[in-house]
Amino acid sequence: MHHFAYRNGVLHAEAVNLLDLARSVGTPFYCYSTATLTRHFDVFAQAFSDVRAIVCYALKANSNQAVIKTLASRGAGADVVSGGELLRARAAGIPPDKIMFSGIGKTAAELALAVDEGILCVNVESEAELELLSSIAAAKARSARVSVRVNPDIDAKTHEKIATGRAENKFGIPISRAREVYALAAKLPGLTVTGVDMHIGSQITKLDPFDNAFALLADFVRTLRGDGHPITHIDLGGGLGIPYGGGTDPPPDPHAYAAVVKSATRDLGCTLIFEPGRVLAGNAGILVTQVLYIKRGERKTFVIVDAGMNDLIRPTLYEAHHEIRPVRERPEASGVTVDVVGPVCESGDFLALDRTMNQPDPGDLLAVMSAGAYGAVEASTYNTRPLIPEVLVREGEWALVRPRLAAASLIALDRLPPWL
């Protein structure tokens with residue numbers, strides 16, 4: 001569910017008219033809905049209200065401070081994958097004891113920051129990382145709480161670029177040898193083993209992969225406790241998908257997902273930790289873009305818009321489908337098949353291919369739906385195209401939560417050597 005709907009023929013974000021908003025901030029821009037963010041968080045959290053659980057929002061989905069703070073106000077913790085995201089979480093007011101630090105390539109400086117902040121847990125992904133964290137924490141006379149991310153070799157049936165739980169993926173330690181890594185962790189100074197971590201992928205739309213993975217994880221917790229490790233929490237990761245349209249079956253809702261989790265973990269007595277990102281932010285945001293030209297080629301008609309792959313890379317990177325709606329409803333007409341493309345100098349610069357839609361006119365605005373996750377955070381300044389604005393709406397009001405950068409600001413970052 002989201003809060004983008006037509007009123008008197010014009011698409012609104014909650015009660016904000018997107019035509020008026022575009023006149024104020026210019027196009028392209030991202031727009032996020034407070035009501036959608038908070039509703040999605042509340043539904044997810046309520047699915048686990050009868051067990052001990054911490055919902056740690058995955059900042060990698062959308063790390064705008066306004067989005068983080070909106071979710072933090074509902075009780076969200078944070079799952080971070082870099083030192084920068086850790087600083088963002090703390091700047092948004094998320095307490096250290098609700099922050100998980102994931103990721104396979106944490107630097108010494110990032111691990112030191114985690115130790116200094118006293119975060120809830122570091123999800124360790126290799127023996128080398130474990131030993132480095134031990135040396136850092138011991139040198140500071142501190143103790144870092146750790147869990148080991150285990151790789152169950154389970155196919156999550158998602159896009160290959162966002163699958164993380166197969167043996168060929170770079171993430172985690174094979175579950176077949178994770179016991180020996182836990183034995184090492186228990187012996188190293190400066191570490192306190194508190195949990196187990198597993199994350200098998202993103203945009204998962206079936207429950208079977210979760211069911212299989214969590215059954216393995218529960219058995220592994222029992223094995224670890226038999227080895228003498230006091231496992232007090234299980235980090236089940238994230239990955240629950242959202243509906244993007246395009247004729248695909250809708251993913252399961254959080255309550256169905258919760259039933260699978262509880263079935264596997266009910267007798268373990270552990271605090272459950274979750275790392276949802278896309279399921280909270282994905283349908284809470286849209287990308288608004290203006291049609292520049294209609295170009296009729298030999299074989300295709302191209303709708304050329306002012307948003308490019310540098311603004312939203314998901315269609316070309318993941319072959320992702322995003323529904324595209326006109327901001328002003330058009331009279332019913334027979335659809336035409338077009339490619340919606342951007343101005344970037346790449347053939348891979350598109351928002352939709354072979355999409356049937358009512359053909360827009362130059363100057364019309366289009367809304368690219370379900371763009372709240374992995375949209376702005378994956379944007380770049382390719383072709384010296386400045387990052388675009390981000391707007392947060394709440395009922396009938398809106399706020400610019402990231403201003404449009406200027407090309408001059410990008411150029412000013414460059415430094416010439418003394419010989420030029």
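The values are calculated or read from the model by the stated rules, or taken from the named source; none is laboratory data. It should be emphasised that the depicted structure is a prediction, and the values quoted were computed from it without experimental measurement. All Cβ positions, glycine included, derive from the backbone under ideal geometry; neighbour counts span all protein chains shown.
Against the definition (in contact with a Ser or Thr (Cβ under 8 Å, 6 or more places away or on another chain), of a type in the set (Asp, Glu) and farther than 23 Å from VAL377 by Cβ), how does ASP354 come out, yes or no? Here the answer is yes, as ASP354 does meet what is asked.
A count restricted to segment 8-34 and to residues that are surrounded by fewer than 22 Cβ atoms within 10 Å (Cβ to Cβ) and either within 17 Å of the chain's Cα centre (by Cα) or outside the structural domain of ALA379 (by TED's automatic domain parsing) (or both) stands at 0. If you check LYS69 against the conditions, is it more than 23 Å from ALA256 (Cα to Cα), of a type in the set (D, E, K, R) and free of Cβ contacts under 8 Å to residues at least 60 places away in the same chain? So LYS69 passes the test.
Selection of segment 75-99 for residues being touching an Asp or Glu at 6+ places or on another chain (Cβ under 8 Å) and surrounded by fewer than 17 Cβ atoms within 10 Å (Cβ to Cβ) yields only PRO96. In the set ALA186, ALA167, ALA138, only one residue is more than 23 Å from GLY77 (Cα to Cα), hydrophobic (A, V, I, L, M, F, W, C) and at pLDDT below 85; that residue is ALA167. Scanning segment 211-226 for residues that are of a type outside the set (A, V, I, L, M) and either closer than 12 Å to ALA178 by Cα or in contact with a strand residue (DSSP E or B) (Cβ under 6 Å, 6 or more places away or on another chain) (or both) gives PHE220, THR223. Just name the residue that is surrounded by the fewest Cβ atoms within 10 Å (Cβ to Cβ) out of those in segment 120-148 that are small (Gly, Ala, Ser) and in a strand (DSSP E or B). Looking at the filtered set, the residue picked out is ALA144.
The residue that is surrounded by the most Cβ atoms within 10 Å (Cβ to Cβ), among those in segment 316-343 that are assigned to a loop (DSSP other than H, G, I, E, B) and acidic (Asp, Glu), is GLU323.
For segment 96-119, the tally of residues that are closer than 22 Å to PHE274 by Cβ, over 20 Å from the mean Cα position of the chain (by Cα) and not in a helix (DSSP H, G or I) stands at 2. Counting only residues that are closer than 15 Å to ASP50 by Cβ and among the charged types (D, E, K, R), which one in segment 249-266 is farthest from the chain's Cα centre (by Cα)? So the residue we want is ARG266.
Just so you know, in segment 186-207 the residues that are over 22 Å from ILE119 (Cβ atoms) and touching a helix residue (DSSP H, G or I) at 6+ places or on another chain (Cβ under 9 Å) include one that is surrounded by the most Cβ atoms within 10 Å (Cβ to Cβ), and it is ILE200. Only one of the listed residues (VAL80, VAL115) is free of Cβ contacts under 8 Å to residues at least 24 places away in the same chain, touching a helix residue (DSSP H, G or I) at 6+ places or on another chain (Cβ under 6 Å) and hydrophobic (A, V, I, L, M, F, W, C). That residue is VAL80.
Scanning segment 39-53 for residues that are touching a residue at least 40 places away in the same chain (Cβ under 8 Å) and touching a strand residue (DSSP E or B) at 6+ places or on another chain (Cβ under 8 Å) yields PHE41, PHE44, PHE48, VAL51, ARG52, ALA53. Could you identify the single residue in VAL51, VAL55 that is more than 18 Å from SER370 (Cα to Cα), of a type in the set (A, V, I, L, M) and under 15 Å from the mean Cα position of the chain (by Cα)? After ruling out the rest, the residue left standing is VAL55.
Summed over segment 177-212, the residues that are over 16 Å from PRO252 (Cα atoms) and assigned to a loop (DSSP other than H, G, I, E, B) give a count of 6.
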